[in-house]
1. Got a sec? What order do 31, 38, 88 fall in by accessible area at 1.4 Å, biggest, i.e. largest, first?
2. Give me the extension gain from residue 30 to residue 53: residue separation times 0.36 nm, minus the current Cα-Cα distance, reported in nm with one decimal.
3. Could you work out how much longer the chain between residue 40 and residue 70 gets when fully extended? Use 0.36 nm per residue separation minus the Cα distance between them, nm to one decimal.
Amino acid sequence: MKRAGKLCAMLCLLAVLSGCGCQKSGPLVTVVEKVEVVSHHGGEILNRTYTKSGKMTAVLNYLRWLRPAHRADCDPEQIPGDDYTITVTLSDGQQEIYRQKTNGYLQKNDGRWENIDPEKGIMLYEIISQMESDGEVPAVGTDVLDGPCTQYRYDLLRPAFGWPLQKTEVGE
């Protein structure tokens, strides 16, 4: 008899919980599908699109590492200098947009501008200048069909941050 009571209570609880679970819509977990970076650095424009985990992680770790300090006391839009836009596309279709201005200011999703350490801010250009967009082959070394071919290996020097890359020739 006690077993029947416990079983009935568990079934009632399961029915209530499953009813609540049915109210939710969309994925329970969202993941990053793509990271795009547009850089206006010293007159040079770089457009990068990353879909591979290692490259996306390098940019995302950079954003986590910045740790904005406090609200900016000026309008960075009025300051000439480098300008970066980082668009993070999630699996549910949502986007997070980060803007970095003059290596000293960061804004997320049209929010307020915050100060960042300029010594950390300069690293974004270093990261993206060393990582080509996914699907692109960097034009380095020689490559001739049915002839000599120089092979390179790319190693992360600081894996915790996913950067910088070191290029090493490994043979022909």
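1. Correct descending sequence by accessible area is 31, 38, 88.
2. Length gained, residue 30 through residue 53: 6.8 nm.
3. My answer for the length gained is 8.4 nm.
The values are calculated or read from the model by the stated rules, or taken from the named source; none is laboratory data. Since the model is a prediction, treat every value here as computed from it, not as a measurement. Ligands, DNA and RNA are stripped out before the accessible areas are found, and what is left, the full protein with its side chains, is counted by its heavy atoms. Shrake-Rupley method; radii C 1.70, N 1.55, O 1.52, S 1.80 Å.
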